[in-house]
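Here is the structure we will look at.
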Ligand code: SF4
């Protein structure tokens, strides 16, 4: 028996995997499939929230991370295909962090043929001066960054500011607010800025982080590391991310269901007195589909759980009689 045949690890490798041309073909096929999914979901989010309109000038905020590169790519693809006309201008804020490779983004954008603007503002020194050593710098840093980006949007005549937050960022934010802030509040796909002058959009709202990571690797974007400022990534966000990952592994479908729930809210079945007039609630005598049926079906009961359904029907008829 020859050495090659005797080696079981070699013998089990499919011929196609060992063939570089076939391997490349398979890689291109997979990348194409992934890109189609990302573009489809980005387009869907844009349509669902009417993020981009005819004549818009979209300022794409580019940090040099995987998400913002992917967002730019999605918007460039959609610009080619969309039935509307809109402009794209990429903007990077150079915060003067030590060792920031300032040539990377301009070189990439020139090669990609995208109009861009680099805004130089030394927020790094401000943050270092104002925040004591060892404390989290991110909240001041992002507040400063936000203010600068709003101003730049005005100067560039941008009508929309696009940020690269994705589905996982949105979910983590909801849980962060719930666990540590006592609020049911997330990161909306579209919102007005706090100065009332800008519309912020998040075209990647429906895309998941794993897809974006793989896409960035496949496309070999020149990623700029995000730890140049020396700040540790927010530990609480890390915890939430790990929790969601664990749920996804243990209970497939749970994370998707949670995300879907963000778009299916029934204020009358929660407790926010600003969203529903609990205090002034009076009987109307009119049927109301959003009204309580006294005994809602248990959401966790399997579909068609005979016992639950029959019990609810029985109780409902008891009440109506
Ligand atoms: S990680 Fe650094 S650059 Fe990013 S928001 Fe925090 S302080 Fe700012």
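Since every read-out is calculated from the coordinates, none of them should be taken as a lab result. Since this is a predicted model, take the numbers as computed values, not measurements. With ideal geometry, Cβ positions are generated from the backbone for all residues, glycine too; neighbour counts draw on all protein chains shown.
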Checklist entry - How big is the gap, in Å, between the Cα center of segment 162-206 and the Cα center of segment 27-98? => result 17
Checklist outcome for this item: Contact order relative to length for segment 189-256, counting C-alpha pairs under 8 Å separated by 6 or more residues, stands in percent at 14
Item to check | Shape category assigned to segment 23-76 from the gyration tensor of Cα positions, a/c cut at 1.5 | outcome: oblate
Checklist entry - Rg to Rh for segment 85-229: what is it, with Cα atoms only and Rh by Kirkwood? => result 0.95
Next on the checklist: If you take every DSSP beta bridge fully contained in segment 41-177, what fraction is antiparallel? Give it as a percent rounded to 5.
Outcome noted: 0
Item to check | Full-stretch length increase - residue 290, residue 192 - with 0.36 nm per residue and alpha-carbon distance subtracted | outcome: 32.4 nm
Item to check | Gyration tensor verdict on segment 162-223 (Cα atoms; rounded if a/c is under 1.5, prolate if a/b is larger than b/c, oblate otherwise) | outcome: oblate
Item to check | Cα shape, segment 14-261, gyration tensor, a/c 1.5 rule | outcome: rounded
Item to check | Burial order of peptide ranges 187-196, 278-287, 60-69 (average beta-carbon count within 10 Å, highest first) | outcome: 60-69, 187-196, 278-287
Checklist entry - Mean separation of Cα pairs under 8 Å and 6+ residues apart, divided by the residue count of segment 14-261: what relative contact order is that in percent? => result 24
Item to check | Computed FRET value (nearest 0.05) for residue 128 with residue 50, which takes r as the C-beta separation and R₀ as 51 Å | outcome: 0.80
Next on the checklist: I'd like the distance between the alpha-carbon centres of segment 128-150 and segment 226-282, rounded to an integer number of Å.
Outcome noted: 25
